[in-house]
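Comments concern the structure below.
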Amino acid sequence: MRIKVYQINKDLDRHDASFISYDSTLKAAGRVDSSIYKTVYDGDLECEGLEDVFQTLNGNEPPEYQGHSLSVSDVVEVCDENTGVPKGSYFCDTIGFKKLEDFDTEKTEPLHGKKMVVVLPHKPAYEAIVGTRLEDLQRAVQGLIEITYPFDDNAAVIGNDEAKLIGMEGNRHIGMSIYAGPLLIAGDDGEGDLTDLTDEQVDRYKKMFAMPEDISDDEVQGDIGFRFFSF
């Protein structure tokens with residue numbers, strides 16, 4: 001199910017519309033004002049409806065998700081034609097969702113971040129826009145970050161520094177090492193900042209990690225070694 005999620009940017013919230021119901025929003029602002037919303041997610045979820053989306057984004061958020069748990073006043077845009085839910089924008093109300101007929105998504109703040117490849121245990125790799133603030137990266141990998149450079153280009157692998165110590169699932173063999181937990185593959189500009197992967201790199205790493213691997217806990221524990229660049 002292809003969706004986008006929009007949440008109110010508190011710096012622009014001149015209506016005090018955050019976390020209030022649809023009816024209260026209409027009283028405060030006269031409408032759901034798309035110009036005060038920012039994009040926090042754009043991607044595919046394994047969901048069959050809006051209630052599934054709500055459950056997923058309250059505890060099982062994908063690494064590239066940049067918002068708080070889905071809550072009242074958030075807007076979910078359904079982008080697919082054949083999902084059982086008509087295309088359009090839906091306001092998350094106190095109970096259920098309210099379809100919005102005049103929510104102009106072009107007025108929302110765009111998604112911020114860099115083009116990366118996300119590699120999760122037991123799943124094919126996929127492309128996503130991921131935030132590059134430290135807190136975004138830490139949330140994506142669920143802890144302190146570790147950056148390694150196992151490839152022959154400027155691509156960096158960002159993972160959880162303590163993944164093996166805290167029992168995260170084995171993810172992929174890369175070079176001579178086993179990587180555990182969620183991984184991000186991003187470009188490095190050579191000056192200490194992350195940058196977009198090129199289209200060619202995205203294709204390369206999606207193909208490289210298209211097939212999930214079954215890696216036992218014993219294999220993961222047997223591969224504990226040195227770490228690099230923890231933040």
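For this structure, a couple of remarks:
- Every Cα-Cα pair in the chain was counted, and those over 21 Å apart are 59% of them.
- Kirkwood analysis of segment 2-107, using all unique Cα-Cα pairs, places the hydrodynamic radius at 13.8 Å.
- Relative contact order for segment 2-107: 32 percent, from Cα pairs under 8 Å spaced at least 6 residues apart, divided by residue count.
- Column: log10 I(q)/I(0), Debye, Cα scatterers of segment 49-110, q = 0.12 Å⁻¹: -0.30
- Solvent-free Debye scattering, log10 I(q)/I(0), computed from the Cα coordinates of segment 129-189 at q = 0.16, 0.30 Å⁻¹: -0.47, -1.37
- For segment 114-222, projected area of the alpha-carbon convex hull averaged over all directions, nm²: 6.2 nm²
- Extension gain for the segment Met176 to Asp214, taken as residue separation times 0.36 nm less the Cα-Cα distance, is 12.1 nm to one decimal.
- One compactness figure for segment 13-56 is 1.44, namely its Cα radius of gyration divided by 2.2 N^0.38 Å.
- Equivalent ellipsoid semi-axes, segment 88-168, via Cα gyration tensor eigenvalues times 5, rooted, Å: 33, 17, 12
- Between the helical axis of 199-208 and the longest alpha-carbon principal axis of the chain there is an angle of about 60 degrees.
- Of Glu219, Glu127, Glu61, the residue with the greatest mean-square motion in the GNM of the chain, using alpha carbon springs below 10 Å, is Glu219.
- Taking other residues whose beta carbon is less than 13 angstrom from the beta carbon of Glu219, and scoring Lys, Arg as +1 and Asp, Glu as -1, yields -4.
- Summarising the label geometry, the points placed 7 Å from Cα in the beta-carbon direction at Leu144 and Cys79 lie 3.6 nm from one another.
- Exposed loop sites, defined as trypsin sites (Lys or Arg not before Pro) outside DSSP H, G, I, E and B with at most 15 other Cβ atoms within 10 Å, are absent from the longest region of the chain, namely 134-231.
- Under 19 Å between alpha carbons - lysine pairs in the chain that sit 8 or more apart or on different chains: 28
Values in this text are rule-based calculations from the coordinates and carry no lab data. Small disclaimer: the values here were computed from a predicted structure and weren't measured. Reconstructed Cβ throughout: ideal geometry from the backbone, glycine too, with neighbour counts over all protein chains shown.
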